[in-house]
1. Given R₀ = 25 Å, FRET efficiency for residue 44-residue 144 by Cβ-Cβ distance, to 0.05?
2. Can you put 139, 223 in order, fewest other beta carbons within 10 Å first?
3. What number do you get for the chain when its Cα radius of gyration is normalised by 2.2 N^0.38 Å, N = residues?
4. How far, in degrees from 0 to 90, does helix 173-185 lean away from the longest principal axis of the Cα atoms of the chain, to the nearest 10?
5. Around residue 176, what is the net charge, scoring Lys/Arg as +1 and Asp/Glu as -1 over all other residues with Cβ under 11 Å from its Cβ?
6. With a sphere of radius 11 Å drawn around the Cβ of residue 40, what net charge do the other residues whose Cβ falls strictly inside it have (Lys, Arg +1; Asp, Glu -1)?
7. Using only Cα atoms, tell me the angle between helix 87-168 and the longest principal axis of the chain; keep it within 0 to 90° and round to the nearest 10.
8. Report, in deg cm²/dmol and to the nearest 500, the calculated mean residue ellipticity at 222 nm for the chain, where each DSSP H run with n ≥ 4 adds -39500 (n - 2.57) and the sum is divided by the residue count.
Amino acid sequence: MNSDLEQLIQLQGLDLQIRELTRQRDDFPRQTESLELETAKAEKELQDARNEMDNLRKERRSLEGEVDALRPRLSKYKDQLMAVKTNKEYTAVLHEIEGCNKEILAKEDEVLAIMEKMETLEKTIGQTQQTFSTGREACLKQQAELRRQADGVNTQIEGLLSDRNRLLRGISASSLDLYNRIADARKGVALAEARDQSCQVCHVRLRLQMFNEIRKNEHIVTCDSCNRILYYIQVGP
């Protein structure tokens with residue numbers, strides 16, 4: 001096999017590995033960010049539930065304060081009832097007492113409703129806290145694993161780049177220039193296998209004479225359609 005062609009095949013293999021590993025490495029920050037967003041979402045849900053609980057507590061205290069303020073007024077009306085002298089005054093005071101009682105009962109009903117909401121919300125907060133804690137712990141473990149994988153990928157890339165640099169020394173400048181130009185134009189894939197009298201990348205049928213020449217692997221031959229460097233893999237002895 002032509003020396004340059006043999007090494008270009010190896011170079012292509014290295015470059016494809018490096019490209020795939022680089023893609024994986026570049027995807028790690030996105031995965032990490034996705035995990036952080038999930039944790040932040042869970043944390044926000046927990047904080048929103050806590051804020052709602054705080055608001056309910058404030059609303060309950062406010063209503064209870066209003067009830068406490070109404071009770072002396074109710075007591076005052078009851079005292080007045082004992083001192084009235086006419087039926088008209090008596091009826092008026094009874095009306096005030098009834099109104100005050102209704103107002104107190106309404107506010108007490110609101111307090112009970114709030115207490116029920118608080119009880120339900122307290123359970124929700126406990127569940128959300130558990131979900132958040134579990135999710136955050138899982139997130140930290142996954143992030144540590146992603147960092148470990150990223151370190152491993154970087155090590156692999158460094159090793160492949162070292163192999164690539166050594167390989168480049170044995171390839172002629174003209175062949176390397178051709179490889180780079182095709183790779184730049186063809187998304188990093190500069191070589192294609194020729195099999196069954198066709199290019200296995202663009203699938204265009206090759207002329208028989210050209211295919212027989214490629215099968216020898218003695219010269220650099222490019223595809224008339226996609227311009228990639230063609231090579232032939234010998235099957236069997």
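1. Computed FRET efficiency for residue 44 and residue 144 comes out at 0.60.
2. Final ranking by Cβ density, sparse to dense: 139, 223.
3. 2.31
4. 40
5. 0
6. -2
7. Helix 87-168 and the main axis of the chain meet at about 20 degrees.
8. -29000 deg cm²/dmol
Throughout, read-outs are computed from the coordinates displayed, never taken from laboratory work. Keep in mind that this is a model prediction, so the values were computed, not measured. A quick note on method: Cβ atoms are made from the backbone with ideal geometry, for glycine too, and the neighbour counts reach across all protein chains shown.
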